[in-house]
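Here the structure is laid out as structure tokens; the discussion comes afterwards.
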Amino acid sequence: QVQLVESGGGLVQAGGSLRLSCAPSGSIFGINPMGWFRQAPGKQRELVAIITSGGRPTYADSVRGRFTISRDNAKNTVYLQMNSLKPEDTAVYYCHVQTPQRPYWGQGTQVTVSS
């Protein structure tokens with residue numbers, strides 16, 4: 001069973017930066033839309049950013065201008081560069097890949113931003 005493996009989360013002070021990475025543990029056929037979602041305690045999971053197979057990004061209003069999503073198709077890897085982090089960015093961040101057959105989700109990586 002192929003899984004998505006996230007890395008790069010952690011604890012950072014407000015104004016700091018983190019870079020998240022996500023890659024599959026095995027082969028996922030094709031070049032598919034990839035994205036990042038997050039879920040804060042007591043809140044629903046929300047979209048952070050997605051990137052199409054052609055490399056076009058879309059961002060949530062709350063992160064636009066601070067976060068950058070990118071991908072490496074050769075490695076089937078997606079990245080999320082997070083700058084100017086705020087305490088309200090604290091959440092578990094989940095990687096997502098949507099194939100024609102099914103969605104894939106990572107197990108999540110914790111991002112904590114202290115004030």
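The values are calculated or read from the model by the stated rules, or taken from the named source; none is laboratory data. Since this is a predicted model, take the numbers as computed values, not measurements. Methodologically, a virtual Cβ is constructed for each residue, glycine included, from the backbone with ideal geometry; neighbour enumeration extends over all protein chains shown. Areas reflect the complete protein model, heavy atoms only, side chains present, ligands, DNA and RNA absent. Shrake-Rupley method; radii C 1.70, N 1.55, O 1.52, S 1.80 Å.
The figures follow:
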item: Residue selected from segment 80-98 under the condition under 19 Å from Gly54 (Cα atoms) and open to solvent by less than 10 Å² (accessible area, probe 1.4 Å), by the criterion farthest from the chain's Cα centre (by Cα); result: Val97
item: Top-ranked residue in segment 36-73 [being outside any strand (DSSP E or B) and of a type in the set (Val, Ile, Thr); ranked as surrounded by the fewest Cβ atoms within 10 Å (Cβ to Cβ)]; result: Thr52
item: Segment 39-59 residues that are touching a residue at least 24 places away in the same chain (Cβ under 8 Å), paired with ones that are in a loop (DSSP other than H, G, I, E, B) and of a type in the set (S, T, N, Q) (beta carbon under 8 Å, 6 or more apart); result: Ala40/Thr90
item: Qualifying position, being under 13 Å from the mean Cα position of the chain (by Cα), among the polar types (S, T, N, Q) and open to solvent by 40 Å² or more (accessible area, probe 1.4 Å), among Gln110, Gln3; result: Gln110
item: Only one of Ser25, Ser62 that is in contact with a strand residue (DSSP E or B) (Cβ under 6 Å, 6 or more places away or on another chain) and among the polar types (S, T, N, Q); result: Ser25
item: Test for Ile28: is it closer than 19 Å to Leu4 by Cβ, outside any strand (DSSP E or B) and among the aliphatic types (A, V, I, L, M); result: yes
item: Residue within segment 79-93 that is free of Cβ contacts under 8 Å to residues at least 12 places away in the same chain and either out of contact with any Asp or Glu (no Cβ under 8 Å at 6 or more places or on another chain) or within 29 Å of Gln1 (Cβ to Cβ) (or both) present; result: no
item: Filter result for Leu20 (open to solvent by 60 Å² or more (accessible area, probe 1.4 Å) and among the aliphatic types (A, V, I, L, M)); result: no
item: Filter result (of a type in the set (Val, Ile, Thr) and within 20 Å of Arg56 (Cβ to Cβ)) within segment 9-36; result: Ile28, Ile31
item: Neighbours by Cβ (under 9 Å, 6+ apart or cross-chain): first from segment 12-30, more than 23 Å from Glu88 (Cβ to Cβ); second among the aromatic types (Phe, Trp, Tyr) and assigned to a strand (DSSP E or B); result: Pro24/Tyr104; Ile28/Tyr104
